[in-house]
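Let me give you the structure first, and then I'll get to my questions.
The values are calculated or read from the model by the stated rules, or taken from the named source; none is laboratory data. Just so you know, these numbers come straight off a predicted model, no measurement behind them. No Cβ is skipped: glycine too gets one built from the backbone with ideal geometry, and neighbour counts run over all protein chains shown.
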Amino acid sequence: MTHTNASSPGCSRRRFLGLAAAAAASVPVISACGSGTGSDASGKLKFWDMPWGTAAYNDVSKKIITSYKPAAGLPSAGYQGIAWANFGQTFASAIASGTNPAVSTGGGFQAFQFAEQGAIAYADNLIETMKKDGFYDDFLPGTLDGMKTDKGYVAIPWELDAHVWWYNKALLEKAGAKVPTNWDELLTSGQALKKIGVYGFATAAGPGNSLAYETPMSMMIGNGGGLFDPDGNLDVLNARNIEAIEFIKQLVGEGIVDPASVGYTNDNAYAQWSKKRYGLGNEQGGLAENVGGDVAKDLLVMSPIAGPHGDKGTLVVQNNVMMYKNTPSQEGSEALLLHWLKNMHQFWDQALVNGLPVLKSIAESPAFQQRPNYVKMVKEYQPIGTSYATRGKTIGGAQSKMDGNSAMYQFGQAVLSSKTDAKAALTTLSNALASLLK
């Protein structure tokens, strides 16, 4: 779990275990105390929220919750910020002690994990309410489907963490290189950038940096591969995955990848972009804001590139809002969640988050249209984005077990190592995941 400075205009999802001090400084950790019914001591529904941006994000989110006016007979609501530091333990402990919130944001996959433990209130009834009032139709195609399991909808998505292709316009022009549209052109442009001392495939696999595994995952998905088959079974060693990792290995071998990137944190990688040492890369949506400075104006999102078989795809994680069974009023939880969703446009109105919206109305709003990189992401990447499930069913709790697991980081480091070939790196990952997901 990684990414995004706590001081940036917006955060990507659940990526803050390495930023404990910064996150904790801006949002206090709640202690395990309360009424034991999803409400606080005053009887208000508890809404727990993560720091998805600077303090301004939490201020706006709190105002949304405190502006909630419940219907007669339903409880009012209170807001509590939760730090990313040890957030998984914070939620797990609260659930175990019966002091959990009624509604919360949280890690991108925690709803699946807690649903398997019987702690999540499925959102199917809320989905039906949304269909009746027309709000359901405002969601971008496929977004709600990512939350559906065999037992129902575990949560409602609110923001998308997409991996997209970035390039530095000035550096490509200096190198006489074109913006790539496929892997062959990516290699050619990388070779041209190398001649001017610039790396053409930016990545990073240092401590706490989830690009270690998310970049190769995005490449595998973009080649029609993935970790699971259509039936939801592990399928790590398929031919498309091997082909994708072999291509990254080729880039490493040709010096198109920074050899030091295997040890880079997020800040290290941003510094390379800032110093104009990186010219191309598969990164998150908030790259330009995270890099900042004068170079940010030259960082542009390019169209998805095609793999050797013509496939296009990318890794997209859906951050979501979930409800818990332990609540004083399930009807109240649903009404509160719906209120927050219908007012979350304020985050994009004020450019407080760097993720993509799930609502058409936000994507089409004047404020959002002023951010051309994000407009391109919604138009070209959201429709081809998928989670770790990739080709098959929603894989539920498996995602929460995999995401941030040491095996994933080790895989990413092996991909950048000249000592391990593609099949060996994938074999080690396959064996580790088979053991992890038993």
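Yes/no per residue for (1) within 21 Å of Asn282 (Cα to Cα); (2) not in a helix (DSSP H, G or I):
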site: Tyr388; (1), (2): yes, yes
site: Phe411; (1), (2): yes, no
site: Lys419; (1), (2): no, yes
site: Leu426; (1), (2): yes, no
site: Asn431; (1), (2): no, no
site: Ser435; (1), (2): no, no
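Let me ask something else. Could you list, in sequence order, the residues of the range 147-157 that are of a type outside the set (A, V, I, L, M) and either in a helix (DSSP H, G or I) or within 16 Å of the chain's Cα centre (by Cα) (or both)?
Result: Pro157, single match.
Let me ask another. Tyr278 - would you say it is in the same structural domain as Ala204 (by TED's automatic domain parsing), of a type in the set (Phe, Trp, Tyr) and touching a strand residue (DSSP E or B) at 6+ places or on another chain (Cβ under 7 Å)?
yes
Something else: State whether the residues of the range 123-141 include one that is among the small types (Gly, Ala, Ser), closer than 30 Å to Glu246 by Cβ and assigned by TED's automatic domain parsing to the domain that holds Thr66.
no
Can you find a residue that is over 19 Å from His339 (Cα atoms) and more than 18 Å from the chain's Cα centre (by Cα) anywhere in the range 128-146?
Taking every residue of the range 128-146 in turn, none turns out to be over 19 Å from His339 (Cα atoms) and more than 18 Å from the chain's Cα centre (by Cα).
Next question. Here is a list of conditions, (1) at pLDDT 95 or above; (2) farther than 19 Å from Val353 by Cβ; (3) part of a loop (DSSP other than H, G, I, E, B), and Ile30 meets all of them except one; can you say which number that is?
Of the numbered conditions (1) at pLDDT 95 or above; (2) farther than 19 Å from Val353 by Cβ; (3) part of a loop (DSSP other than H, G, I, E, B), the odd one out for Ile30 is (1).
Separate question: Which one is farthest from Trp166 (Cα to Cα) among residues in the range 216-272 that are outside any loop (DSSP other than H, G, I, E, B) and among the hydroxyl-bearing types (Ser, Thr, Tyr)?
Checked the range 216-272; the qualifying residue farthest from Trp166 (Cα to Cα) is Ser261.
I need every pair where a residue in the range 64-76 that is more than 16 Å from Leu341 (Cβ to Cβ) has its Cβ under 6 Å from the Cβ of a residue that is among the charged types (D, E, K, R) and at pLDDT 95 or above, sequence separation at least 6 or different chains.
Sorted first by the residue in the range 64-76, then by its partner, the list stays empty.
Still on this structure: Return yes when Leu234 is under 25 Å from Ala175 (Cβ atoms) and in contact (Cβ under 8 Å) with a residue 24 or more places away in the chain and no when it is not.
Judged against the criteria, Leu234 is not a match.
Against the definition (surrounded by 20 or more Cβ atoms within 10 Å (Cβ to Cβ), of a type in the set (A, V, I, L, M, F, W, C) and at pLDDT below 95), how does Leu336 come out, yes or no?
Spelling it out, it is not the case that Leu336 is surrounded by 20 or more Cβ atoms within 10 Å (Cβ to Cβ), of a type in the set (A, V, I, L, M, F, W, C) and at pLDDT below 95.
What is the residue count in the range 341-372 for residues that are buried (at least 20 other Cβ atoms within 10 Å of the Cβ) and not hydrophobic (A, V, I, L, M, F, W, C)?
Number of matching residues: 3.
Here is a list: Lys169, Lys174. Which entry is basic (Lys, Arg) and farther than 20 Å from Met377 by Cβ?
Lys174
What is the residue count in the range 283-307 for residues that are touching a strand residue (DSSP E or B) at 6+ places or on another chain (Cβ under 9 Å) and acidic (Asp, Glu)?
Here the count works out to 2.
Let me ask you something else. Only one of these conditions is not met by Leu160: (1) at pLDDT 95 or above; (2) in a loop (DSSP other than H, G, I, E, B). Which number is it?
Only one criterion in (1) at pLDDT 95 or above; (2) in a loop (DSSP other than H, G, I, E, B) is unmet by Leu160, namely (2).
Turning to a different aspect of this structure: Hey, among the residues in the range 62-119 that are part of a loop (DSSP other than H, G, I, E, B) and of a type in the set (A, V, I, L, M), which one's surrounded by the most Cβ atoms within 10 Å (Cβ to Cβ)?
Filtering first and then ranking leaves Ala102.
Here's a follow-up. Where in the range 273-384 are there helices (runs of 4 or more DSSP H), lying wholly inside it, with at least 1 residues that are among the aromatic types (Phe, Trp, Tyr) and closer than 25 Å to Tyr167 by Cα?
345-349, 366-369, 372-376
Right, here's the next one. Output the number of residues of the range 215-244 satisfying the condition of being under 17 Å from Lys423 (Cα atoms), small (Gly, Ala, Ser) and surrounded by 24 or more Cβ atoms within 10 Å (Cβ to Cβ).
Adding up the residues that qualify gives 3.
How many residues does the range 190-200 contain that are surrounded by 24 or more Cβ atoms within 10 Å (Cβ to Cβ) and out of contact with any strand residue (DSSP E or B) (no Cβ under 6 Å at 6 or more places or on another chain)?
3
Taking the stated definitions as given, is Val321 in contact with a strand residue (DSSP E or B) (Cβ under 6 Å, 6 or more places away or on another chain), in the same structural domain as Phe114 (by TED's automatic domain parsing), under 21 Å from Thr386 (Cβ atoms) and not small (Gly, Ala, Ser)?
yes
Return a yes/no flag: does the range 145-156 have any residue that is touching a Pro at 6+ places or on another chain (Cβ under 9 Å) and in contact (Cβ under 8 Å) with a residue 60 or more places away in the chain.
Within the range 145-156 (the criterion being touching a Pro at 6+ places or on another chain (Cβ under 9 Å) and in contact (Cβ under 8 Å) with a residue 60 or more places away in the chain), the answer is yes, since at least one residue qualifies.
So, in the range 251-308, of the ones that are polar (S, T, N, Q) and under 18 Å from Lys174 (Cβ atoms), which residue ends up surrounded by the fewest Cβ atoms within 10 Å (Cβ to Cβ)?
Selected residue: Ser274.
Here's another thing I want to ask about it. When both residues are 6+ apart or on different chains and their Cβ atoms are under 6 Å apart, which pairs have a first residue that lies in the range 44-61 and is assigned to a loop (DSSP other than H, G, I, E, B), and a second that is aromatic (Phe, Trp, Tyr) and modelled with pLDDT under 95?
none
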